[in-house]
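Below: the structure, in structure tokens.
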Amino acid sequence: MAKMSVLKRSPGIAAAAVAATLTLGAGIAAAQLKSYDSSKPSFWQNAPPDWFLGDETEEMKGLAPPVGPATPTPLAELQDNLKKIKLPPGFRIEVYASGLQEPRQMAWGDNGTLFVGSFGAQNVYAVTEKDGKRNVTTILKGLNMPTGVAFRDGALYVVAIDKLLRYDQAESKLDAMPQPVVVYDDMPSYLPHGWKYLVMDREGAMYFNVGVPFNIGIPPTSTAHIRRVHQSGHGELIATGVRNSVGGDIDPRTGQFWFTENARDWMSDEIPSDKLNRIGRIGEHFGYPYCHQGDLPDPKFAMGRKCEEFTAPVLKLGAHVAPLGMKFYTGNQFPAEYRNNIFIAQHGSWNRRKYQGARIMRVVVDPDGKNAKQEVFAEGWLTGDQDYSGRPADVLVARDGSLLIADDWAGAIYRISYAR
Amino acid sequence: MRTLLAALAAVAACFAASPSSARDVEAGRARAEPCMACHGTEGITADPSIPSLAGQRERYLQWQLVFFRSGRRANEVMNALAAELSDEELRNISAYFASLPRANPPAGPPDPALRDKGKQVAARHRCASCHMDNYTGSQAAPSVAHQTRIYTDKALRDYRAAARPSVGVAAMNEAAGSLTDDDIAALAVYLEQPE
């Protein structure tokens with residue numbers, strides 16, 4: 001089906017629609033493009049209902065985020081799909097767990113339980129192993145986009161749109177999770193770009209994103225940044241000018257926080273690039289909305305600012321690749337040259353006529369951000385121009401040094417391992 | 001005119017070929033027997049308050065059955081029927097209905113003034129950016145053309161009140177959030193026959 005791309009289809013329909021309009025004599029063309037300008041106060045007095053989606057151009061008309069299958073992909077089909085995944089020599093990929101609705105960030109419990117958040121499914125899952133068999137259970141329900149999870153001191157942390165929750169002694173209470181403690185909730189309730197990724201450092205400080213609730217504009221207060229909240233409850237803006245980040249990790253070499261970032265839509269198929277960023281100095285500004293990809297002033301919102309004022313990315317990852325979860329590789333299973341490399345899950349495009357991404361990338365880079373290079377590590381989840389057999393959302397290193405991948409389109413978790 | 005028909009035919013062909021996981025149209029037809037009492041033997045309903053399912057986007061059908069099964073979308077009859085469905089049956093039923101030819105516009109010429117108003121509301125709220133210019137949908141949004149005004153009116157009110165969930169990021173709840181009752185009534189008339 002989706003082999004028939006929107007691009008091939010739309011010129012005919014656009015022409016036909018215009019023809020139909022002229023025939024019917026209606027005043028307003030059916031083929032009107034969307035556009036809005038949030039730089040004026042009058043915009044906020046009557047914000048258009050789709051304000052979060054963004055301006056449309058004739059060139060890219062008709063693109064919208066694709067809806068995935070509503071049920072998790074059956075195991076046999078997953079295994080079929082994995083045969084098409086290309087990996088470097090010596091690596092193999094298999095299904096680790098299947099049947100999860102929209103799995104997102106993953107985190108290990110101390111006793112080997114794998115906790116997994118979800119996107120729209122409102123659930124948090126636990127994957128446990130017993131007698132060599134893996135079980136998936138839904139341990140929490142009814143949460144508001146609980147995408148981010150972390151584990152520390154026996155407690156499961158879950159971050160939903162505007163609540164950071166802690167479930168104490170979670171691993172021993174999987175059958176009947178305790179009432180959560182609300183650790184922090186001073187967050188805006190915007191849904192678009194409001195779903196979060198959760199990172200904890202050794203002291204228990206919690207890092208998460210607060211995205212901008214639209215495509216491009218002057219960010220509302222309390223958005224467009226990475227926040228760090230200490231166990232004491234004290235919060236800091238450690239990175240500002242960040243549009244939408246759903247992945248980050250702490251560099252084991254330096255303790256610095258690195259994060260992926262999704263750039264704006266509706267400029268073109270090729271620009272701007274999504275980013276890999278490093279926080280070298282607390283509170284650094286990474287450019288949004290004034291400057292994209294380190295060197296591209298925004299056509300409407302640069303407002304006289306220069307890109308040199310802001311912190312450029314360590315690496316441009318590509319346009320519309322949707323980099324999400326990322327991890328520094330700290331395992332011992334992969335060859336030595338993979339140590340401290342970064343694995344990034346690319347979720348794949350929606351605002352591009354030919355999708356790209358839907359793969360795992362490997363980034364080699366110095367601790368100070370210099371000499372960054374990337375290469376494809378695992379790819380093959382794109383089918384045709386505008387469809388997927390899977391969309392990676394997160395990566396996680398397992399105790400044995402293998403790499404887990406969460407796929408929220410196919411509803412599965414994969415495991416990549418290496419053998420000489 | 002021929003271009004328009006060809007374009008519509010091309011789009012219609014797109015429905016039937018929607019990809020999904022492991023679906024069996026024949027098994028879907030068999031399992032969909034209980035559905036036909038309300039949704040019609042060809043997926044085209046006689047009761048104007050019940051939607052036609054013929055030729056609807058396959059993934060949209062899957063998601064609605066998932067929402068009915070879990071109770072996130074509340075409807076006594078559908079909650080009970082969907083509760084019995086396995087994932088595989090749900091996929092097969094969706095594939096079956098998606099493969100059927102779409103319903104024609106409901107009978108009876110629309111009030112031209114109301115229809116025109118609906119067209120303006122749709123343009124102002126940019127419905128076509130997801131539902132496409134002929135409102136037959138895409139892989140991002142379902143077909144909303146040719147449903148009865150009674151059904152469309154209820155659907156929009158339910159989205160506006162967040163009484164039914166939206167797939168993806170609450171898109172329809174937000175998109176319908178600022179519609180007035182008059183907007184909805186006009187849209188419902190327009191979408192019966194937006195061509």
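Annotations
- Within segment B:120-131, being within 18 Å of the chain's Cα centre (by Cα) and either modelled with pLDDT of 90 or more or small (Gly, Ala, Ser) (or both) holds for B:Ala122, B:Ala128, B:Ser129, B:His131.
- Qualifying residue in segment A:254-267 (condition: at pLDDT below 95, surrounded by 15 or more Cβ atoms within 10 Å (Cβ to Cβ), part of a loop (DSSP other than H, G, I, E, B) and touching a Lys or Arg at 6+ places or on another chain (Cβ under 6 Å)): no
- Candidates B:Met172, B:Met78 - the one that is more than 14 Å from the chain's Cα centre (by Cα) and outside any loop (DSSP other than H, G, I, E, B): B:Met78
- Residue count for segment A:275-286, restricted to those that are under 18 Å from A:Gly247 (Cβ atoms) and part of a loop (DSSP other than H, G, I, E, B): 2
- One residue stands out in segment A:185-199 among those that are crowded, with 18+ Cβ neighbours inside 10 Å and away from chain B (no Cβ under 14 Å): the one that is farthest from A:Leu396 (Cα to Cα), namely A:Met187.
- Among the candidates B:Phe67, B:Phe15, B:Phe97, the residue that is of a type in the set (Phe, Trp, Tyr), modelled with pLDDT under 95 and assigned to a helix (DSSP H, G or I) is uniquely B:Phe15.
- Qualifying residue in segment A:403-410 (condition: over 13 Å from A:Ile93 (Cβ atoms), assigned to a loop (DSSP other than H, G, I, E, B) and at pLDDT 95 or above): yes
- Candidate set from segment B:158-176 (those that are in contact with an Asp or Glu (Cβ under 8 Å, 6 or more places away or on another chain) and of a type in the set (D, E, K, R)); member that is farthest from A:Ala70 (Cα to Cα): B:Glu174
- Test set (1) under 28 Å from A:Ala419 (Cβ atoms); (2) without any contact (Cβ under 8 Å) to a residue 60 or more places away in the chain - A:Gln122 fails condition number: (1)
- Scope segment B:113-159; condition assigned to a helix (DSSP H, G or I) and among the acidic types (Asp, Glu); matching residues: B:Asp116, B:Asp153, B:Asp158
- Matching residues, segment B:175-192, being over 14 Å from B:Pro142 (Cβ atoms), away from chain A (no Cβ under 11 Å) and assigned to a loop (DSSP other than H, G, I, E, B): B:Thr180, B:Glu192
The values are calculated or read from the model by the stated rules, or taken from the named source; none is laboratory data. Just so we're clear, the structure is a prediction, and the values are computed from it rather than from any experiment. Using ideal geometry, Cβ is built from the backbone for each residue, glycine included, and neighbour counts are taken over all protein chains shown.
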